[in-house]
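Read the structure below first, then the notes.
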Amino acid sequence: MTTNDRTARHLDTAIDAIIDELATITDPVERQNAALHVLDTLLPAAKDRVRTMRAEAVAELREGRTLAAVGQLLGGISATRVDQILNPGRKKR
C-alpha cells in the first residue's frame with residue numbers, strides 16, 4: 001500500500017466520522033449549520049495546513065537546487081509552478 005493509499009484511507013475515515021456525527025443532529029437547522037461550519041471553516045483550514053506542509057517539503061527540495069531542478073524532481077512541473085507552491089500568497093503582476 002502506498003503513502004497516497006494510506007492517506008486516502010485516513011481521510012475517508014475522518015470524513016465518514018464527520019458525516020456520522022452530522023447525521024446524529026436531529027434538528028435540520030442545527031445539522032445544516034454544522035455542515036456549513038465543516039464546509040466553510042474546517043475544510044479550508046485543513047487545506048491551508050496541507051498546503052503549508054507541501055510548501056515546506058518543496059522548500060526542502062529547493063535547498064541547493066534551481067526552481068527548474070525542483071520541478072523536474074516533482075514530475076516535470078514548471079519552475080513558475082514551483083515558485084507558486086513556495087510563495088502561495090504572492091500576487092501575479
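The values are calculated or read from the model by the stated rules, or taken from the named source; none is laboratory data. As the structure is a computational prediction, the values presented were derived from the model and not from experiment. These accessible areas exclude ligands, DNA and RNA; they are computed on the full protein's heavy atoms, side chains included. Shrake-Rupley method; radii C 1.70, N 1.55, O 1.52, S 1.80 Å.
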Rounded to 10°, Cα long-axis angle of helix 3-23 versus longest principal axis of the chain: 30
Specify the angular offset, from 0 to 90 degrees and rounded to the nearest 10, of the alpha carbon long axis of helix 28-37 from the longest principal axis of the alpha carbons in the chain. 10
What shape does segment 1-43 have by the C-alpha gyration tensor, where a ≥ b ≥ c are the square roots of the eigenvalues, rounded means a/c under 1.5, and otherwise prolate means a/b greater than b/c and oblate the rest? oblate
Between Rg and the Kirkwood Rh of the chain, both from Cα atoms, what is the Rg to Rh ratio? 1.14
Using Cα springs under 10 Å in a Gaussian network model of the chain, which residue among T41, T26, T52 shows the largest mean-square fluctuation? T26
Using protein chains only and a probe of 1.4 angstrom, how many square angstrom of E60 are accessible, to the nearest 10? 130
Label segment 49-92 by shape, choosing from rounded, prolate and oblate, from the square roots a ≥ b ≥ c of the eigenvalues of the Cα gyration tensor; if a/c is under 1.5 it is rounded, and otherwise prolate applies when a/b is larger than b/c, oblate when it is not. oblate
Using a Gaussian network model of the chain whose springs link C-alpha atoms within less than 10 Å, name the residue from A14, A55, A68 with the highest mean-square fluctuation. A14
For the chain, what relative contact order do you get, as a whole percent, if you take Cα pairs closer than 8 Å and at least 6 residues apart? 16
